[in-house]
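Take a look at the structure below.
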Amino acid sequence: MAQAEIGLIGLGVMGSNLALNIAEKGNKIAVFNRTVARTKEFYEEAGALQGQIVPCETIEEFVAAIRPPRPIIIMIQAGAAVDQQMELLRPYLEKNDIMIDAGNANFRDTMRRFDALQDSGLTFIGMGVSGGEEGARHGPSIMVGGKEDSWKRVEKVLTSIAAKYKDEPCVAWLGENGAGHFVKTIHNGIEYADMQMIAEIYGILRDGLKMTAPEIADVFAEWNKGRLESYLIEISATVLAAKDPISGNPIVDMILDKAGQKGTGKWSAIEAQNMGVPATGIEAAVAARSISSFKTEREAAEKILGLPDVPALQVADKAAFIKDLESALLAGKIGAYAQGFAVMSAASKEYNWNLPMPTIAKIWRAGCIIRSQFLDEITSAFTKAPDAANLIVTPAFATMVKDTDGALRRVVSTAALHGLPVPALASALGYFDSYRRARGTANVIQAQRDFFGAHGFDRVDGADSHHGPWGSGLNA
Ligand SMILES: NC(=O)C1=CN([C@@H]2O[C@H](COP(=O)(O)OP(=O)(O)OC[C@H]3O[C@@H](n4cnc5c(N)ncnc54)[C@H](OP(=O)(O)O)[C@@H]3O)[C@@H](O)[C@H]2O)C=CC1
Ligand SMILES: O=C(CO)[C@H](O)[C@H](O)COP(=O)(O)O
């Protein structure tokens, strides 16, 4: 029997769908799962694809089933489980075999694993996969990091399973070691911001305009035909329209308002802070998820503080206000993506990855959770200006920022005046207002720091005096 082209460990939600996708595209695949019963179940459910799948009960049998040099995808719970799995696998591997961690790893773990294998003859790929269950099965977006020659060994298989945007595969080698997982992390950070801003707009429509879930679904479905066309707006319309089979109510009204998080959003915010690059949209979204999880505390706080004593929202022209919400959401999205790309640009320099920004935007156009028409516009902006300091100063996006500015301002201020929380949208406005202002207010911060800590300051006239006259100046 011919050997498998590739192996995959971990037949959970992502791994099983990825394995079926690989098999369906004509690649023979060997599979293994820690819990053997799951491997059997997976194989039985594979139907017509069984001929392409080699189910294995032991690691030894699994490794022997793959053609060397063996690419082995590890698609399991991120973190310590990956280290454990790699240790179990290692004794059976041979020179040039490639372990591919396809889970949502912290890129720092990927760098460590990559380094640990440097002189072993084995290689390592850190690969971000996005698209959830459906994407894994029918075409995810794949962000690859590692040695270029390891990528060459898997390029054909990965290209065959990746999503296609107008025939262009949404997979690319992005750089050495942690590059792929870093880009996937920022993808997820942007995903957090995108989702949070949609939720904030939903909050204005629900609590401000008192619209029902199906009515809001119609608004989102309409927006999905315009500038906001995206997977996240599409699924938001779908979930808002869905009914709870138990109560008959809209299902979203029966879902608790607390959201979990597994780490990638937080890592994006941490890495942005580490490099001194503002990612306020992502930070606001991560904080909003954390506040959402304080359900009991929030219930107690509402009893003590009550909701803000503000008038109910009244709008003279509802259609015009909804148009403003659409533009404000686009503006917020521009801010979050601009920040995400700025973080990747800084990381590219810090880690010598040479991350290709237009390519990243390109492979996010289909397959992944943040896929949208908007990413094609980003692709085009970065293709024309690959060295732009920030997405918002590229000609197309500068125009968009100016065009949506009024709406963002009206929506954020209206929300504030009516006690409706919009932390991510407000962060976008603050970001734009700070970034576009040549003369800011940090002169006072410089002065304060120099006053209390003799930190010195730079002068507007470029002259050499770097310490204030505070003592004499104050007391004179
Ligand atoms: N779900 C999603 O939408 C996405 C998930 N990811 C990432 O993909 C990875 C897998 O996620 P998902 O498929 O959702 O997870 P699941 O919970 O569905 O599956 C987890 C898998 O990990 C295996 N596993 C857990 N611990 C160990 C261990 N110590 N040793 C060996 N195997 C272990 C499980 O095996 P067993 O059956 O024996 O328990 C199972 O096969 C994660 O890193 C996740 O963050 C990435 C993109 C999207
Ligand atoms: O990678 C993903 C989507 O792109 C996963 O669904 C991930 O779990 C999302 O992050 P979180 O669980 O923190 O919301």
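Summary table
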| item | result |
| --- | --- |
| Matching entry among ASN443, ASN354 (being polar (S, T, N, Q), modelled with pLDDT of 95 or more and part of a loop (DSSP other than H, G, I, E, B)) | ASN354 |
| Helices (runs of 4 or more DSSP H) contained in the range 1-64 and holding at least 2 residues of a type in the set (Ser, Thr, Tyr) | 36-45 |
| Any hit, the range 122-140, residues being more than 16 Å from ligand 2 (Cβ to nearest atom) and of a type in the set (A, V, I, L, M) | yes |
| Checklist (1) under 30 Å from GLY335 (Cβ atoms); (2) touching a Phe, Trp or Tyr at 6+ places or on another chain (Cβ under 6 Å) applied to LEU117, failing item | (1) |
| Residue satisfying all of: in the range 111-144; more than 12 Å from ligand 1 (Cβ to nearest atom) and among the β-branched types (Val, Ile, Thr); nearest to TRP364 (Cα to Cα) among these | VAL144 |
| From the options ILE246, ILE233, residue that is farther than 27 Å from GLU326 by Cα and more than 16 Å from ligand 1 (Cβ to nearest atom) | ILE246 |
| From VAL239, VAL183, residue being touching a helix residue (DSSP H, G or I) at 6+ places or on another chain (Cβ under 8 Å), part of a helix (DSSP H, G or I) and surrounded by fewer than 21 Cβ atoms within 10 Å (Cβ to Cβ) | VAL239 |
| Matching entry among LYS152, LYS95 (being assigned to a helix (DSSP H, G or I), more than 19 Å from ILE9 (Cα to Cα), more than 16 Å from ligand 1 (Cβ to nearest atom) and without any contact (Cβ under 8 Å) to a residue 40 or more places away in the chain) | LYS152 |
| Pair list, Cβ < 7 Å and 6+ apart or interchain, from the range 18-31 residues that are over 10 Å from ILE161 (Cβ atoms) to residues that are modelled with pLDDT under 95 | LYS28/ALA2 |
| Near pairs, Cβ below 6 angstrom, 6+ apart or cross-chain, from the range 304-322 (surrounded by 11 or more Cβ atoms within 10 Å (Cβ to Cβ) and part of a loop (DSSP other than H, G, I, E, B)) to any residue that is among the hydrophobic types (A, V, I, L, M, F, W, C) and modelled with pLDDT of 95 or more | VAL315/PHE321 |
| Matching option when the condition is touching a strand residue (DSSP E or B) at 6+ places or on another chain (Cβ under 7 Å) and more than 24 Å from PHE182 (Cα to Cα), among GLN52, GLN85 | GLN52 |
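Residues checked against (1) buried (at least 19 other Cβ atoms within 10 Å of the Cβ); (2) under 31 Å from the mean Cα position of the chain (by Cα); (3) polar (S, T, N, Q):
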| position | (1), (2), (3) |
| --- | --- |
| ALA19 | yes, yes, no |
| ILE22 | yes, yes, no |
| GLN50 | no, no, yes |
| GLU57 | no, no, no |
| GLU61 | no, no, no |
| PRO69 | no, no, no |
| ILE73 | yes, yes, no |
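The values are calculated or read from the model by the stated rules, or taken from the named source; none is laboratory data. Remember, predicted model here, so these are calculated numbers, not experimental data. Backbone-built Cβ (ideal geometry, glycine too); neighbour counts: all protein chains shown.
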